[in-house]
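Everything below concerns the one structure shown next.
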Amino acid sequence: MDAIDFRTDPSRYRHWRLECEGPVAFLTLDVDPAGSLFPGVELKLNSYDLGVDIELADAVQRLRFEHPEVRAVAIRSGKDNVFCAGANIAALARASHQHKVNFCKFTNETRLAIEDASEHSDQRYLAAIGGPAAGGGYELAAACDWLMLVDDHRSAVSLPELPLLAVLPGTGGLTRLTDKRKVRRDRADLFCATEEGARGRRAVEWRLVDECVPPSSWDAKVRERALALAATSDRPAEAQGIALPPLERKIGDDAIAYPHLRVALDRGRRLATVTVTGPTQAPDAAEIYRQGATFWPLAVARELDDAILHLRFNEAELGIIVLRSEGDPAAVLVADALLDERADDWLVREIRLYWKRVLKRLDMTARSLFTLIEPGSCFAGTLAELCFAADRTLMFAGTRAGDNRPAAILTLSALNFGAYPMGNGLSRLETRFLGEPESLQRARQIIGVSLPAEDAAELGLVTAAYDEVDWDEEIRLMLEERASFSPDALTGLEANLRGAGPETMETRIFGRLSAWQNWIFQRANAAGPEGALKLYGTGRRPKFDPERV
Amino acid sequence: MSDSATVDYDGLIPNNVGLNADPRLRRALESWHPGYLDWWRARGPDGFQDSLVYLRTAIGVDSDGWAKFGYVRMPDYRWGILLAPQVEGRTIPFGAHKGEKAWQEVPGEYRALLRRLVVVQGDTEPASVEQQRLLGATAPSLYDLRNLFQVNVEEARHLWAMVYLLQKYFGRDGREEAEELLRRRSGDRDSPRLLGAFNEATPDWLSFFMFTFFTDRDGKMQLQALAQSGFDPLSRTCRFMLTEEAHHMFVGQTGIGRIVERSCAAMREAGLSDPTDIERVRALGVIDLPTIQKKANLHFALTLDLFGGEISTNAANVFNAGLKGRYREDKIADDHVLTGATYAVVRLRDGRIVTEEVPALSALNMRLRDDFAAEAAAGVERWNAIIARAGIAYRLRLPHVAFNRRIGEFAGIEADPDGNLLSAEEWQRRRDEFLPSAADDAFVASLMRPVTEPGKFAPWIAPPRTGIDGKPGDFEYVRLAG
Ligand SMILES: [Fe+2]
Ligand SMILES: [Fe+2]
């Protein structure tokens, strides 16, 4: 497979149409069967692969930034007799385990982004299920606020993964049934074990959908519901959106360059070093709209997001991501102050929410994350979140002989205390200090204070501080040691340690549903030569190992 | 930097590691050094710190540098950091990395394993100094007193050698471990030394000689195995330590030999033909051979425990990783990878002692222990030659490996020195046949009276054949202060 590119825009969509009509946008799924990322795979019945979902993620993102006037989005099908048949099985069967897991993670992130848009950006989502919605098709609908199902005595919603494919509805399906839609567990059990799913009144009664609508009034009702959802939104009707032009990006053999971020790829050491550059000049409130996508906080968030996705999908063997920064921490703090003071501005709100999602994307990245705070770095406020997202953060104490840059500092801003909650609903600092609330209190009191390494270490904000004498060797040993451990065990270890704190639907999706799904994906009952995924479509019945594990 | 930066470290600390040009290492040593001197004063030889001791000091690794003799007050001893010369193009001699270039830096992958090896070895060095700290008060001669102190300062230098590795190559963790080496205390209930034998008392000179014969030989075997290491600085450090270790074993070999010689001579002079007639032999003021045998039993078993479990995953790991080889790995003709080889191990199976072939990688502790036992047995034969020359019918021997063990296959059972399994009651009943009894210890203790006149020796030990550094018999090896 060629390298996967996450950059797209509506003019290049093959599978979706995005049409805005005042406060309502229609996002129409009309999958091009010949447009799979996997050569030879036919995307029948609006089934999707990663390529389809990349477009969806792009659309959801653009709707937020480019269309402040859109208050409700209706997801519908462009095909007559199907809403969406879910993830394409032939593509799944072709994909490596690594791709399956990352695909699943990305689609989950996109559905959570839909829910985030509704909950925090007041951009509501409506699922207009005008035909059968199976598996991932129903899961996509379940991410919306309101699910309407056409009552044509034919169209059903279903989660047939278990009976049909011997896997789970892994794109949040199981979790949303119980946690979001609060479907009774025995009914959920019945529903998930029934290939044909549920239609009409039963689907409503079981809370699988919110309403059933006869075909005759379908179009009118969809519009009516969309407008009703739009009415609950606070999005500014008069505001002008900002365009998200294609990211500038140069990919070389061992480096990727963006305007504000670069990635050095060291395949020998299985290491990617991501260096974020701070703002070249302090951002100015008056400039936010004029700068638009070049406004530093937004530009960096987009580049970081793209870099993470690129590394996840295209550089599977680079097991360690080292996070660095370069620039003036004071300028970062000016940007943070803007993001803090103008939190009510719709665009600032979007930027903050985007940072939240990017950081969560980092949290969910199955690579060892090490942040290095060195002289010349600008880990302050929002960028300091990279220190708290990392598995370990090392800080350079003092200066280096022959380097006239001042000693490294770490600075907190108000945004470190709630602007960017993790999947568990808590800030990274709150999660870090779950067992020592007094440390969180102390951290609050030093907002804006430039902390040298000794202080940062003393406050528990970094893992360790090393001076010139130790730095190079400690870092080398840490990276070499990490590279020597089992990548699988590291993935498990990191996911567990990063996931402290309370459970939410989101943590349950990634921590429970995905983990089980990834296990099932590895088992012969699903993925073996006689397994259900492999035999799907051949007419042959899978052979199951009867042993319950 | 503190004002100690003015110390000329190359002058104060003999070294061939470019100490003055390595600020990182110097700084680490500077902060460790005062604690070390405190340790030496508090836990090193009790008394004698102001005496002038005729010691050899290693100031270089070439033939004229490694043994400079002269009178020195022990606290002024110039503990140095000396590595055997680097071998150009050296490769990793064994394990999964065999044939790759030897590591000059710690491979991150093996950082923890290597640090553990260095810490365990390092912990034994000061431990023996602590165990022997009271012996100066009862030395049988100035010659022996000097040898004790020579062993002590060299063990302390071995501590330096390991501290050097920790500080130079293991970053902050290494420095913390170096401090810990000074903090643990032999026999301390709260912070004992890491290995059992190094927490045992060395109450008398017979024990001291046994310790240097057996336990220093374990040290030698471990150093030999580490000298093969693919981590070149460890290899070079250990190779140089081995030159010193040889003297320690000489002290043990000849110390016991001189005791045996004196006991036999006394028996002959008195016309005693039965060496097991303990009371009559003891009445002569010398140590009877059966008591020497019991002491050997005790020290041999304690030392075997130092080799760890017969079947050891850890030993396999460190070998496979290229960190610790076998005794004289470079002289062994096999593939040096051992993934397909087996080795015979004595094991306990269903209450019987049997020999079993096991994967060679997991039996590396056993192999090193066998090499040790073979060498120790050869040393015992030299003592037997002395007994035979005196015309006494008695043989010293090594007990069975199952005897009195606390670690490994035989930790849970009791056996006599022939390897016959004993019930717990029988062991209790017969223990004093095999191991020194309270009365034996009391008798040996009663002989421990210092002799401080040059050229004179306690009546239970013969003088050595030759002096140290070619000195005459009445040479004043230690000039006692005050
Ligand atoms: Fe030693
Ligand atoms: Fe020794």
Can you find even one residue in the range A:276-284 that is exposed (fewer than 14 other Cβ atoms within 10 Å of the Cβ), closer than 27 Å to A:HIS120 by Cα and of a type outside the set (Gly, Ala, Ser)?
yes
Qualifying residue in the range B:155-167 (condition: more than 16 Å from ligand 1 (Cβ to nearest atom), within 14 Å of another protein chain (Cβ to nearest Cβ) and more than 30 Å from B:TYR477 (Cα to Cα))
yes
Looking at (1) touching a Phe, Trp or Tyr at 6+ places or on another chain (Cβ under 8 Å); (2) of a type in the set (A, V, I, L, M); (3) in the same structural domain as A:ILE320 (by TED's automatic domain parsing); (4) over 30 Å from A:SER427 (Cα atoms), which is the one condition that is false for A:VAL469?
(1)
Those residues of the range B:144-193 which are hydroxyl-bearing (Ser, Thr, Tyr) and surrounded by 18 or more Cβ atoms within 10 Å (Cβ to Cβ), in sequence order
B:TYR164, B:TYR169, B:SER186
Out of all the residues in the range B:120-162, which are under 18 Å from B:LEU29 (Cβ atoms), more than 12 Å from ligand 2 (Cβ to nearest atom) and more than 13 Å from the chain's Cα centre (by Cα)?
B:TRP160, B:MET162
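If you take the residues in the range B:14-38 that are part of a loop (DSSP other than H, G, I, E, B) and more than 28 Å from the chain's Cα centre (by Cα), which one is surrounded by the fewest Cβ atoms within 10 Å (Cβ to Cβ)?
Checked the range B:14-38; the qualifying residue surrounded by the fewest Cβ atoms within 10 Å (Cβ to Cβ) is B:GLY18.
Here's the yes/no breakdown for (1) outside any helix (DSSP H, G or I); (2) surrounded by 15 or more Cβ atoms within 10 Å (Cβ to Cβ); (3) under 26 Å from the mean Cα position of the chain (by Cα):
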residue: B:ASN314; (1), (2), (3): no, yes, yes
residue: B:TYR327; (1), (2), (3): yes, yes, yes
residue: B:ASP330; (1), (2), (3): no, no, yes
residue: B:HIS336; (1), (2), (3): yes, yes, no
residue: B:THR339; (1), (2), (3): yes, no, no
residue: B:ILE353; (1), (2), (3): yes, yes, no
residue: B:LEU368; (1), (2), (3): no, yes, yes
residue: B:GLY379; (1), (2), (3): no, yes, yes
Report the residue count in the range B:199-230 for those that are in contact with a Pro (Cβ under 8 Å, 6 or more places away or on another chain) and more than 21 Å from B:ALA137 (Cα to Cα).
2
Before we move on, is A:ALA3 buried (at least 21 other Cβ atoms within 10 Å of the Cβ), touching a residue at least 24 places away in the same chain (Cβ under 8 Å) and among the small types (Gly, Ala, Ser)?
no
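Please specify each residue of the range B:86-105 satisfying the condition of being assigned to a strand (DSSP E or B) and of a type in the set (Val, Ile, Thr).
Initial filter on the range B:86-105 (assigned to a strand (DSSP E or B)): B:91, B:101, B:103.
Selection gives B:THR91 alone.
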When only residues in the range A:452-485 that are within 26 Å of the chain's Cα centre (by Cα) and within 12 Å of chain B (Cβ to nearest Cβ) count, which is surrounded by the most Cβ atoms within 10 Å (Cβ to Cβ)?
A:ARG482
So which residues in the range B:77-119 are touching a Ser or Thr at 6+ places or on another chain (Cβ under 7 Å) and either among the charged types (D, E, K, R) or within 16 Å of ligand 2 (Cβ to nearest atom) (or both)?
B:TYR77, B:ARG78, B:GLU100, B:LYS101, B:GLU109
From the residues in the range B:126-138 that are aliphatic (A, V, I, L, M) and in contact with a Ser or Thr (Cβ under 8 Å, 6 or more places away or on another chain), which one is nearest to B:PHE69 (Cα to Cα)?
B:LEU135
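Here's the yes/no breakdown for (1) away from chain A (no Cβ under 14 Å); (2) surrounded by 24 or more Cβ atoms within 10 Å (Cβ to Cβ); (3) within 18 Å of B:PHE300 (Cβ to Cβ); (4) within 14 Å of ligand 2 (Cβ to nearest atom):
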position	(1), (2), (3), (4)
B:ALA201	yes, no, yes, no
B:PHE208	yes, yes, yes, yes
B:THR215	yes, yes, yes, yes
B:LYS220	yes, no, yes, yes
B:LEU234	yes, yes, no, no
B:HIS247	yes, no, no, yes
B:VAL251	yes, no, yes, yes
B:ILE259	yes, yes, yes, no
B:ALA270	yes, no, no, no
Among the numbered conditions (1) modelled with pLDDT under 95; (2) within 14 Å of ligand 1 (Cβ to nearest atom); (3) buried (at least 21 other Cβ atoms within 10 Å of the Cβ), tell me where B:THR243 comes up short.
(3)
Picking from B:GLU109, B:GLU130, which residue would you name as being within 14 Å of chain A (Cβ to nearest Cβ) and either within 16 Å of ligand 1 (Cβ to nearest atom) or in contact with a helix residue (DSSP H, G or I) (Cβ under 8 Å, 6 or more places away or on another chain) (or both)?
B:GLU109
Report yes if B:ASP144 is under 21 Å from B:GLN228 (Cα atoms), more than 14 Å from chain A (Cβ to nearest Cβ) and part of a helix (DSSP H, G or I), otherwise no.
no
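Here is a yes/no grid of residues against (1) assigned by TED's automatic domain parsing to the domain that holds A:GLU21; (2) surrounded by fewer than 15 Cβ atoms within 10 Å (Cβ to Cβ):
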site	(1), (2)
A:SER216	yes, yes
A:ALA220	yes, yes
A:ARG223	yes, no
A:ILE256	no, no
A:ARG262	no, no
A:LEU265	no, no
A:GLY268	no, yes
A:VAL274	no, no
Flagged in the range A:498-535 as in contact with a Pro (Cβ under 6 Å, 6 or more places away or on another chain) and crowded, with 19+ Cβ neighbours inside 10 Å, in numbering order, are A:GLY531, A:ALA532
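The values are calculated or read from the model by the stated rules, or taken from the named source; none is laboratory data. Note that this is a predicted model, so its numbers are computed, not measured. All Cβ positions, glycine included, derive from the backbone under ideal geometry; neighbour counts span all protein chains shown.
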